[in-house]
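So the structure is just underneath, and the comments pick up after that.
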Amino acid sequence: MPSQALPGFRDFYPDEFLLRAHIFRVWREVAARYGFEEYDGPPLEPLELYTAKSGPEIAGQLYGFVDKGGREVSLRPEMTPTLARMVAARANGLRKPIRWFSVPQLFRYERHQRGRLREHFQLNCDLIGEPGPEGDAELIALAVDIMRAFGLTERDVRVRVSDRRVLNALLLGGGVTEAQLPAAYAAVDKLERSRREELTAQLAAGGIDAAAADGVFETAAIRGAPALAAALEGVPGGAEAGAPLRRTLAALDAMGLGGFVDVDLTIVRGLAYYTGTVFELFDASRTLRAICGGGRYDNLLLSLGGVDLPALGFGMGDVVLGELLKERGLVPSGTASIDVFVAAITGDDVPHVLALAHELRDAGLRTEYALNLQAVGKQLKLADARNARIAVVIGPDDRARGEVMVKDLAAKQQRAVPRAAVVAELQTGIDTRPGT
Ligand code: HAM
């Protein structure tokens, strides 16, 4: 038997599961605050859903196979095509804009490295049916507010924003042709990870000469809204192309979130379907990979489902986010714990332990008892190991008086309590909110 999970797959022992549960809880809470509803789709989809639209990077990482019915299928590497298919199928009956979120587990056969695994969970938030730039601001604000809900500030996380409409205007204005745009995008996307000579060679292979290549690098180097506005003034259609991003940034400023946002034209996103705003969230020191990425994809629903609806959204993975939270000490502390441990002194007390434990559980208290009779000392050791706050000891003498012994394990105090009153007393005495 293999003793380990497959490379790039994780076991979640209970201690590790705590962080995952915390991440999911915050994701769901903040998405709900923005009026998003949760949905899900199948983890296995027809292969062509991804080969058609996601672009070559994801197509090369698919967990694809032929099923027993001879169908070409794949585990889902991303959620967006499933969402587009689902919305397109019911588009007429859904009130727009549609605000939906999901927390799927996704599978990509990636080279296993820090921050990149072969499975991850990804919060997806998408807004469908809203063409205006205030929608883009809403989505970015949601991503930022999730960061804030984890305790991260603008000194910890940065949102790097660009817009493919802007990039197109600048690249075309700089001498790149429409047909060469994909090659130019690929080079900009790799700018931070590759040497310039390599990229120049790659651009040349795509038909982009040295002068136009310099233009590509200059465009990608643009930082900040004023520099962008100046660059757009010099190209045809620049002002028009820049207008949506300007409004998005103004809306984020109005919300008080502008301090999180950097205009950065190196962000293009690897996926093929984006048409407008694109953005990624990174840790401020950039030692980790992207926490979140998304953008506007106004043509995907039309091409996948024949329904012409503008759309935008983002995906936020649990892996890099979890690393950042650990690095910043923002992981909730707490080993699993229970509220009450019920112990028996003799075999005759065991049915009374079962009855009381059951009443305590019905009252909402996390309760445990020894499943086989042991010495009381041993039972209390187990209570300690479980971080129980209270132990209730049931013995023949107390029982004869209609009482049980309640021990406060932290305060190291004990007192006799009437059996008839003990459930209500413990229920009011113990705060059962999670995390307390
Ligand atoms: P993506 O950039 O491929 O976008 O993934 C979004 C985020 O998921 C990344 O920033 C990263 O945190 C996480 N992620 C992706 N791949 C891995 C991996 N192999 N291991 C760990 N984490 C990973 C999308 O998937 C788009 N479909 C997002 C979207 C939704 N766009 C519009 N709506």
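Throughout, read-outs are computed from the coordinates displayed, never taken from laboratory work. Quick caveat: nothing in here was measured; it's all calculated off a predicted structure. Every residue, glycine as well, gets a Cβ built from its backbone with ideal geometry; the counts of neighbours run over all protein chains shown.
Beyond 19 Å, what percent of the Cα pairs of the range 340-429 remain? Walk me through the numbers on the way to the answer.
Details: 1170 of 4005 pairs.
Everything past 19 Å amounts to 29 percent.
For residue 96, give me every one of the aspartates and glutamates with a C-alpha distance below 14 angstrom, ignoring sequence neighbours fewer than eight places off in its own chain.
Here the aspartates and glutamates satisfying the reach criterion relative to residue 96 are 37, 126, 130, 308.
Lys/Arg Cβ at +1, Asp/Glu Cβ at -1, dipole of the range 14-327 taken about the Cα centre: which of 202, 294, 61 is farthest positive-ward?
Of 202, 294, 61, it is 61.
For labels at residue 178 and residue 13 in the simple 7 Å Cα→Cβ model, what's the distance in nm?
Label at residue 178, label at residue 13, 5.9 nm between them.
Which residues' amide hydrogens lie under 5 Å from the amide hydrogen of residue 291, considering only partners 5 or more residues apart or on another chain, with H built in the peptide plane?
281, 282, 283
Between residue 253 and residue 230, what FRET efficiency follows from the Cβ-Cβ distance if R0 is 25 Å, with the result rounded to 0.05?
On the way: r = 19 Å, r/R0 = 0.77.
With R0 = 25 Å, the Cβ-Cβ based efficiency is 0.85.
I want to verify a result. In a Gaussian network model of the chain, Cα cutoff 10 Å, which of these has the top mean-square fluctuation: 51, 200, 287?
Answer for the Gaussian network model of the chain: 287.
Running a GNM on the chain with Cα contacts under 10 Å, which residue among 350, 188, 268 ends up with the highest mean-square fluctuation?
350
How many percent of DSSP beta bridges within the range 340-429 run antiparallel, rounded to 5? Numbers along the way, then the final one.
Details: 10 of 18 bridges.
For the range 340-429, the DSSP antiparallel bridge percentage is about 55.
Using θ = phi - 60° and the Karplus curve 6.51 cos²θ - 1.76 cosθ + 1.60, what whole-Hz ³J(HN,Hα) does each residue of the range 98-114 get, with Gly and Pro shown as x?
For the range 98-114, the Karplus-derived couplings read 7, 10, 10, 9, 8, 10, x, 8, 10, 10, 9, 7, 9, 5, 5, 8, 4 Hz, x marking Gly and Pro.
Tell me, what HN-Hα J-couplings in whole Hz come from the Karplus equation 6.51 cos²θ - 1.76 cosθ + 1.60 at θ = phi - 60° for each residue of the range 132-147, using x for Gly and Pro?
Those phi angles translate into x, x, 5, x, 5, 5, 4, 5, 5, 4, 4, 4, 5, 5, 5, 4 Hz.
Fully extended, how many nm does the chain gain between residue 302 and residue 221 (0.36 nm per residue separation, minus their Cα-Cα distance)?
Numbers: separation 81, 0.36 × 81 = 29.16 nm, distance 3.33 nm.
Result: 25.8 nm gained on full extension.
Set Lys and Arg Cβ to +1 and Asp and Glu Cβ to -1, take the dipole of the range 112-221 about its Cα centre, and tell me which of 135, 122, 167 lies farthest positive.
Highest projection toward the positive end goes to 122.
Treating the beta-carbon of each Lys and Arg as +1 and of each Asp and Glu as -1, no other charges, what is the dipole magnitude of the range 307-387 about its Cα centre, to the nearest 20 debye?
Working: 7 positive and 11 negative charges, 61 e Å.
Result for the range 307-387 is approximately 300 debye, rounded to the nearest 20.
With all distinct Cα pairs included, what does the Kirkwood hydrodynamic radius of the chain come out to in Å, to one decimal, could you say? Provide the component values of the computation, followed by the final result.
Values: mean 1/r = 0.0396 Å⁻¹.
Evaluated on the chain, it is 25.3 Å.
So what's the gap between the Cα centers of the range 70-118 and the range 176-211, to the nearest angstrom?
After rounding, the separation between the Cα centres reads 29 Å.
Dividing the Cα convex hull volume of the range 118-170 by residue count, how many Å³ per residue is that? Provide the component values of the computation, followed by the final result.
Values: hull volume 8.2 nm³, N = 53.
Spelled out: Cα convex hull of the range 118-170, divided by residues, is 154 Å³.
Cut-off 10 angstrom, C-alpha nodes, Gaussian network model of the chain. Which of 303, 337, 162 fluctuates the most?
It is 337.
Beyond a 28 Å Cα-Cα separation, which of these cross-linked pairs lie in this structure: 378/412; 326/407; 53/190? Intermediate results must be reported in sequence, preceding the final value.
Values: 378/412 17 Å; 326/407 35 Å; 53/190 20 Å.
As for pairs spanning more than 28 Å Cα to Cα, those are 326/407.
If you place +1 on the Cβ of every Lys and Arg and -1 on the Cβ of every Asp and Glu, how big does the dipole about the Cα centre of the range 90-151 come out, in debye to the nearest 20?
Details: 10 positive and 8 negative charges, 74 e Å.
With only Lys, Arg, Asp and Glu charged at Cβ, the dipole is about 360 debye.
For the range 207-300, take the convex hull of the Cα atoms, compute a quarter of its surface area, and give me that in nm², please. All intermediate terms of the calculation are to be shown ahead of the outcome.
Values: hull surface 31.4 nm².
Its average projected convex-hull area is 7.8 nm².
For the range 212-265 and the range 10-34, compute the distance between their C-alpha centroids and round to whole Å.
Rounded to whole Å, the Cα centres lie 35 Å apart.
Measuring from label point to label point, each 7 Å out along Cα→Cβ, what is the residue 373 to residue 428 span in nm?
In this crude label model, residue 373 to residue 428 measures out at 3.5 nm.
In the chain, with Lys and Arg counted as +1 and Asp and Glu as -1 at Cβ, which of these residues, 424, 144, 379, has the Cα nearest the positive end of the dipole, that is, farthest along it?
So the residue we want is 379.
With +1 on each Lys and Arg Cβ and -1 on each Asp and Glu Cβ, and nothing else charged, work out how big the dipole of the chain is about its Cα centre, in Debye to the nearest 20.
Details: 51 positive and 57 negative charges, 155 e Å.
Dipole of the chain, to the nearest 20 debye: 740 debye.
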